Amino acid sequence: MTLIASNFVDWEFGTVDRRIFWDSAIYEREMEQIFARSWLFVAHESQVEAPGSFITTYMGEDSVIVARADAQTINVFLNSCPHRGNRVCFADSGQGRQFTCNYHGWAFGLGGELKKMPKMGLYKSTPGFRMEDWGLKRARVATYKGLVFATFSEDAPSLDDWLGDFRWYLDAVLDAEDGGTEFLPGGATRSVMRCNWKFPADNFVGDIYHALWTHLGGSEPTLGRHGGVKVENSGSYQVSVNGHGWEFNDSFLGNAATMGDRDLLRYMRSRQEAITARLGKFRSDMWGSVASATIFPNFSFLPGYFTFRTFQPKGPLKTEIHAWTLVPRNMPDDIKDRFRRGSMRTFSPSGLLEMDDGENWEHSTSANAGWVTRNQRLCYAMAPEGEEVDASLPGTVSSGQLSDANQRLFYKRWAEMMDAGSWADIPMATKSANVEAAE
Ligand code: FES
Ligand code: FE
C-alpha cells in the first residue's frame, strides 16, 4: 500500500485519522521523513559548558552524543560504533577527552573522529582503509540563544529558516533577561509513557482546552477552588510557524501560579517592568501567561521559567520524556531552586499535573488497539482558524486560545514532511523582514 500521509489529515474540516497514532508503517515513515530530516533539539549549551563535557540523547530512535570540543564548537554524532555497532557511550553525561568502545577498544575524539584502535597496524596495512572513513557519523549542529539543535539532513534549510519568525516569540523566554538562560542542574527527569509521541506534542502545541477539565482537580490546591487563571478567547492567541506553535493569553503570572509559590509570583512581578522595557508588553505578557508551546516535531515547553521537554519516540506506542527546568542565569539561586521545586511538583513523573496528562495520552493511544476504533477519525474542529489578528505580528496568528488552530497546522506540517520527497517540496514560511517592527 502506498502511504500518502495527507490522506490521514484533513486540516480544513479538522479531522485526523487515528491510525497515525498506532500504525507501525506510519511510525517507520516518521523516523525517515520527519526525525531524520528535522532540526531536533538535543541540548541546552549549559549542559555542555566545559570542553570535553558531553551528554547522550536521541534524535528519533538514533542514540547520539552531544560533546563540546572547545569554546566555540559543539559536535553531535551517532552513539554507535562503526566496527560492530556497539553503543559507544553508556553514560547520560560526563567529561572526557575521547570515547572508547567497550567491545574492541576503538577510540573516538570529541568530534566523533576515529583516533586509534588496538592493533592499528593490521588495519593500516589493508589497501584502501582510511581512518577518516570510520568515524561516528556527524550531524549538522546550530544553536539559537542557548538551545542546541542538530539534523542528519544534508540539505535541510538553516536552523534560522527552520525556526523562522518563531524566534521572535522564543525570545520571550530565551532573551527576557541579560545573561541568557540555563537548564538547572538537578532539575532533570526521564520517564516513559505508553503513548504515541504526537499526543503530548499536540497537547503542548495548542491544547489549553484540556487544562479546564483534566487539570481542574490537580490545580485546585495551587489555584483555589475556581481556578483563578483566565482561559478565554478574548485577549488570547495561537501562533504557528512551520508547524511550531505557541498558545497564550494576557493573564500575567498564569503558568507560574500553578507552581503554588507566592514568592515566585512576587519575583516575577518584580521583573515585569524590566522585561516589558526589553521585549515590549506583548511579549512580556507571553512570558508570564497561561501558555504552552511545541517546536516541531517533539520539543515542548511551558513559558514562565518552567518545564522544557522532549518527547522521544520509542516505537508507535511508547514515548520517553526528557524534562528540564529553564531559568535565566542571572536569577538569584534561591529563586532558581524554587522554580526547580515548583516544576518538579507539577510537571515531573510524580507531578500534580503531569500524571493527569499521562493517563489521558496513554488511553488515547491504547484505545486504538480495536480495529473498528482505529478506523474512526478524531475531531480537531474547534474554532476555525481566526483571521490574522494583527498583520504586523509574525507567523500565522489566530485570535482565541481555545482553538485547534495550532494543532491543525501541526498535522499539516506533519503530512507535508511525511509526503515530501525532498526539502524542495516542503514549504517554508516567509520570514518577516524586521520582526521588531511588530512591537
Ligand atoms: Fe566498537 Fe568493536 S564494536 S570496537
Ligand atoms: Fe496538561
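Before moving on, here are some points about what is shown:
- Filtered residues of segment 280-297 (kept if within 16 Å of ligand 2 (Cβ to nearest atom) and under 18 Å from G243 (Cβ atoms)): A291, S292, A293, T294
- Scanning segment 268-286 for residues that are in contact with a Lys or Arg (Cβ under 9 Å, 6 or more places away or on another chain) and crowded, with 19+ Cβ neighbours inside 10 Å, we see that the one that is farthest from R37 (Cα to Cα) is I275.
- Test: residue in segment 222-235 that is at pLDDT 80 or above, among the hydroxyl-bearing types (S, T, Y) and surrounded by 24 or more Cβ atoms within 10 Å (Cβ to Cβ): no
- A Cβ distance below 6 Å, combined with a sequence gap of six or more or placement on separate chains, defines the contacts here; from segment 3-17, residues that are buried (at least 18 other Cβ atoms within 10 Å of the Cβ) reach residues that are among the small types (G, A, S) in the pairs A5/A415; V9/A415; G14/A381.
- Number of positions in segment 6-48 that are more than 14 Å from W414 (Cβ to Cβ), modelled with pLDDT of 95 or more and part of a loop (DSSP other than H, G, I, E, B): 3
- Boolean, G111 is surrounded by fewer than 17 Cβ atoms within 10 Å (Cβ to Cβ) and either within 21 Å of S158 (Cα to Cα) or away from ligand 1 (no atom under 16 Å from the Cβ) (or both): yes
- Within segment 90-108, being within 14 Å of ligand 1 (Cβ to nearest atom) and either aliphatic (A, V, I, L, M) or under 31 Å from the mean Cα position of the chain (by Cα) (or both) holds for F90, Q98, F99, T100, C101, A107, F108.
- Verdict on F308 being open to solvent by 10 Å² or more (accessible area, probe 1.4 Å) and either within 16 Å of ligand 2 (Cβ to nearest atom) or closer than 18 Å to E247 by Cβ (or both): no
- Of all the residues in segment 18-56, those that are free of Cβ contacts under 8 Å to residues at least 60 places away in the same chain and hydrophobic (A, V, I, L, M, F, W, C) number 4.
- Count - residues of segment 344-361 that are open to solvent by 40 Å² or more (accessible area, probe 1.4 Å), assigned to a helix (DSSP H, G or I) and over 21 Å from L402 (Cα atoms): 4
- Single residue of segment 69-110 satisfying the filter (touching a Phe, Trp or Tyr at 6+ places or on another chain (Cβ under 8 Å) and either of a type in the set (V, I, T) or within 16 Å of ligand 2 (Cβ to nearest atom) (or both)) that is farthest from A43 (Cα to Cα): T100
- Subset tally (residues that are open to solvent by 10 Å² or more (accessible area, probe 1.4 Å) and assigned to a helix (DSSP H, G or I)) for segment 156-168: 3
- Candidate set from segment 169-194 (those that are among the charged types (D, E, K, R) and buried (at least 16 other Cβ atoms within 10 Å of the Cβ)); member that is nearest to G358 (Cα to Cα): E182
- Tallying residues that are within 19 Å of T56 (Cα to Cα) and without any contact (Cβ under 8 Å) to a residue 12 or more places away in the chain within segment 110-122 yields 0.
- Residue-level analysis places T126 outside the set of residues that are open to solvent by less than 10 Å² (accessible area, probe 1.4 Å) and either closer than 30 Å to D333 by Cα or away from ligand 1 (no atom under 15 Å from the Cβ) (or both).
- Among the residues making up segment 379-401, those that are closer than 17 Å to S292 by Cβ and open to solvent by less than 30 Å² (accessible area, probe 1.4 Å) are Y380, G395, V397, S398, G400, Q401.
- Residue match in segment 209-218 (condition: part of a loop (DSSP other than H, G, I, E, B) and either within 16 Å of ligand 1 (Cβ to nearest atom) or in contact with a Phe, Trp or Tyr (Cβ under 9 Å, 6 or more places away or on another chain) (or both)): no
- Residue in segment 333-354 that is at pLDDT below 95, closer than 23 Å to P200 by Cα, over 20 Å from the mean Cα position of the chain (by Cα) and away from ligand 2 (no atom under 16 Å from the Cβ) present: yes
- Test set (1) touching a Lys or Arg at 6+ places or on another chain (Cβ under 6 Å); (2) in a helix (DSSP H, G or I) - E132 fails condition number: (1)
- The set of residues in segment 59-72 being open to solvent by 40 Å² or more (accessible area, probe 1.4 Å), touching a residue at least 60 places away in the same chain (Cβ under 8 Å) and in a strand (DSSP E or B) consists of D62 alone.
- Lone unmet requirement of (1) under 24 Å from W324 (Cβ atoms); (2) of a type outside the set (D, E); (3) over 18 Å from the mean Cα position of the chain (by Cα); (4) open to solvent by 20 Å² or more (accessible area, probe 1.4 Å) for S80: (1)
- Complete set of residues in segment 183-197 that are of a type outside the set (F, W, Y) and touching a Pro at 6+ places or on another chain (Cβ under 8 Å): T189, S191, M193, N196
- Screening Q376 on (1) at positive phi; (2) more than 24 Å from the chain's Cα centre (by Cα) shows it passes everything except condition (1).
The values are calculated or read from the model by the stated rules, or taken from the named source; none is laboratory data. Not measured: the values here are computed from a predicted model. Please note: Cβ atoms are built from the backbone with ideal geometry, for glycine as well, and neighbour counts cover all protein chains shown. Heavy atoms of the whole protein, side chains included, go into the accessibility calculation; ligands, DNA and RNA do not. Shrake-Rupley method; radii C 1.70, N 1.55, O 1.52, S 1.80 Å.
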